[in-house]
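The values are calculated or read from the model by the stated rules, or taken from the named source; none is laboratory data. As the structure is a prediction and not an experimental result, all values here were calculated from the model. Glycine gets a Cβ as well: all are built from the backbone with ideal geometry, and neighbour counts include every protein chain shown.
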Amino acid sequence: MSRFIRSAAIVTLSVGSLASLQAMAADELHYNQIALRAEVSQEVARDKMIVTLYTESQNSDPAKLAAEITTTLNKALDQAREVKGVTLRQGSRNSYPIYDNKNQKITGWRERAALRLESADFPALSKLTGELLNTLKMENMDFTIADATRKSSEDALLKEAVTAFKARAQLATDALGGKGYKIVNLNLNTNGYPMPYARAGMMMKGALADSAPTPEVEAGTSQVSMTADGVIEVLQQ
C-alpha cells in the first residue's frame, strides 16, 4: 500500500516538474521579443475603365418585350466586338410586371438588361460608348486598377515593406545593445486598392451622346500601401 502511495507521489512530482519546465520554456520564448510595424505606400494609376450601359423598355406582351430587348442588346454586342481591346460582360437582366393603380391586375411588363465594357484603352472605350448611347443608356462609368498592375505594385510593395521592417528591426536591436535579431513572425497586408470608382453617368452621357470629338478621360490614381507587422527576438551580446 505504501509502495503505491510513494509511486503516485513520484508521478505527481514528475508532472509538476514537466509543467514548470514548459512554463520556463514559454518564458524564454518571449524573452527580449519586440513587436514592430513598418508601412510603405505608392501612387498607382487607375488604368482600367469600366462602362455599364443598359436598355430598358416595356410592353403588354412579355414575349415581344423580351425579343425587343434581346435585339437591342445583340446589336450592341456585335458593335462592341469590333473594337479591339474591349472586354464584354453581360450584366443583369430583369423583367417585372406593371400593375394598375389598384395593384390587382397586370397591365404590362418592363424589362432591363445591362452590358458591361472594360478596357485599358480609354479613348477607344470612350468612343465606343458614345456610339452605343444612340441605342443604350449609361448607368455609370468606373475606374479601377487592372489585375496585372495590382500584382506588379503588390510585388514591389512587398519587397519595400520587408526591407523597411528589417531596417526598423535593426534599429531596435542596436538601441537595445543586441548582437543581432531573428524574426519570430511577420504578416504582410495591403490596403487602398480600390473597388471600381463610379463617375456620374448622366454627365458623361451628355458629353458622349453628341457626334463631338471623344472627350479625354482622367481616371486618377489611388494611394495603396502595405504594412509589415511582426515580432523579432533580440539576441544578446
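Points worth noting:
- Top-ranked residue in region 72-95 [being within 16 Å of Lys137 (Cβ to Cβ) and hydroxyl-bearing (Ser, Thr, Tyr); ranked as surrounded by the most Cβ atoms within 10 Å (Cβ to Cβ)]: Thr72
- Of all residues in region 110-126 being in a strand (DSSP E or B) and of a type outside the set (Gly, Ala, Ser), the one that is farthest from Ala219 (Cα to Cα): Arg110
- The number of residues in region 141-192 that are among the basic types (Lys, Arg) and in contact with an Asp or Glu (Cβ under 7 Å, 6 or more places away or on another chain) comes to 1.
- Condition broken by Gly178, with the remaining ones in (1) outside any loop (DSSP other than H, G, I, E, B); (2) modelled with pLDDT of 85 or more; (3) surrounded by 16 or more Cβ atoms within 10 Å (Cβ to Cβ) satisfied: (1)
- Neighbours by Cβ (under 8 Å, 6+ apart or cross-chain): first from region 166-181, in the same structural domain as Leu36 (by TED's automatic domain parsing); second among the aromatic types (Phe, Trp, Tyr): Ala169/Tyr181; Gln170/Tyr181; Ala172/Tyr181; Thr173/Tyr181
- Flag for Leu235 being over 29 Å from Gly85 (Cα atoms) and at pLDDT below 95: yes
- Test: residue in region 132-155 that is surrounded by fewer than 14 Cβ atoms within 10 Å (Cβ to Cβ) and of a type in the set (A, V, I, L, M, F, W, C): yes
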